[in-house]
2 protein chains.
Amino acid sequence: MEARGIHHLGLAVVDLDEAIDTYEKLFGGQLEHRDELADQGVEAASVLVGESRVELLAATGPDTPVGKFLAKRGPGMHHVAYRVDDVGAALRDLASAGAELIDTEPRRGLFGLQVAFVHPDAIHGVLTEVVSDG
Amino acid sequence: MEARGIHHLGLAVVDLDEAIDTYEKLFGGQLEHRDELADQGVEAASVLVGESRVELLAATGPDTPVGKFLAKRGPGMHHVAYRVDDVGAALRDLASAGAELIDTEPRRGLFGLQVAFVHPDAIHGVLTEVVSDG
């Protein structure tokens, strides 16, 4: 499978407004999307930093995936997402190569993207997502 | 300051050869550079993943910055580097904006790059580097 490049870097943050402000002020970031997904327990913003993108993730409560991550590790890098042409095909290739998958089928992610997560144990401790715009 | 985009994502790994192999096999990664910097206690490889780049960092021993990181947190994401036009100017802008710096002057980084690190406390727990090719 050929990943096309980093689609975004996912960062767990405590305060979404403060984090957006930091990326705007320090790196010239531009807010692209912002959304709250109550069912996923996350309030998220995507911020363009030059040609790249960071996805800022705040928890809507402590008993959510991002809330638990923050309690355990504190704010910081959460995952990296690679752009692929076809998430379903990427998952088949990853599975054939022996990678353990979290999502065995593409699912709808933030901001309307098709996404799937690969287990960090398959990739040296890095929680990795594959993403397509389709 | 305007960052131009993500120059690379720095990943701490236990075994450099295995990690290179993983990025080649799972994501079509292409080894770009490889180097051992005894004085920095690191053996590093830069791997192109599509239009992006990951920098794989293994420790030459336990009593090195990457060795201590691995002992404390395990393998995983270590830092993100943004490409800037001029590292010195970026540092002046970051300092004026109140960001705490690790390097107050540009220094020579891996693979001949000009680099400087910003303190993770300034950026919501994310160890952040600014980089130029110059």
> Is one or more of the residues making up segment A:83-100 among the hydrophobic types (A, V, I, L, M, F, W, C), surrounded by 15 or more Cβ atoms within 10 Å (Cβ to Cβ) and within 30 Å of A:GLU24 (Cα to Cα)?
Replying inline: yes
>> I'm told A:VAL66 meets every condition in (1) part of a strand (DSSP E or B); (2) more than 30 Å from B:ASP85 (Cβ to Cβ); (3) β-branched (Val, Ile, Thr) except one. Can you identify the failing condition by its number?
In response: (1)
>> I need the full set of residues from segment B:78-134 which are within 13 Å of B:ALA3 (Cα to Cα), within 11 Å of another protein chain (Cβ to nearest Cβ) and not in a loop (DSSP other than H, G, I, E, B), in order please.
In response: B:VAL80, B:ALA81, B:TYR82, B:ARG83, B:ALA90, B:ASP93, B:LEU94, B:THR128, B:VAL130
>> Just checking, does segment A:26-38 include any residue being surrounded by 14 or more Cβ atoms within 10 Å (Cβ to Cβ), at pLDDT 95 or above, within 12 Å of chain B (Cβ to nearest Cβ) and within 16 Å of A:GLY10 (Cβ to Cβ)?
In response: yes
> Which pairs have Cβ atoms under 8 Å, sit 6 or more apart or on different chains, and link a residue in segment B:1-15 that is more than 8 Å from chain A (Cβ to nearest Cβ) to one that is of a type in the set (S, T, N, Q) and not in a loop (DSSP other than H, G, I, E, B)?
Replying inline: B:HIS8/B:SER46; B:HIS8/B:SER52
> How many residues does segment A:31-51 contain that are out of contact with any Pro (no Cβ under 7 Å at 6 or more places or on another chain) and not in a strand (DSSP E or B)?
Replying inline: 5
>> Quick check on segment A:2-14. Is at least one of its residues at pLDDT below 95 and part of a loop (DSSP other than H, G, I, E, B)?
In response: yes
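The values are calculated or read from the model by the stated rules, or taken from the named source; none is laboratory data. All of these numbers come straight from a predicted model, not from anything done at the bench. Methodologically, a virtual Cβ is constructed for each residue, glycine included, from the backbone with ideal geometry; neighbour enumeration extends over all protein chains shown.
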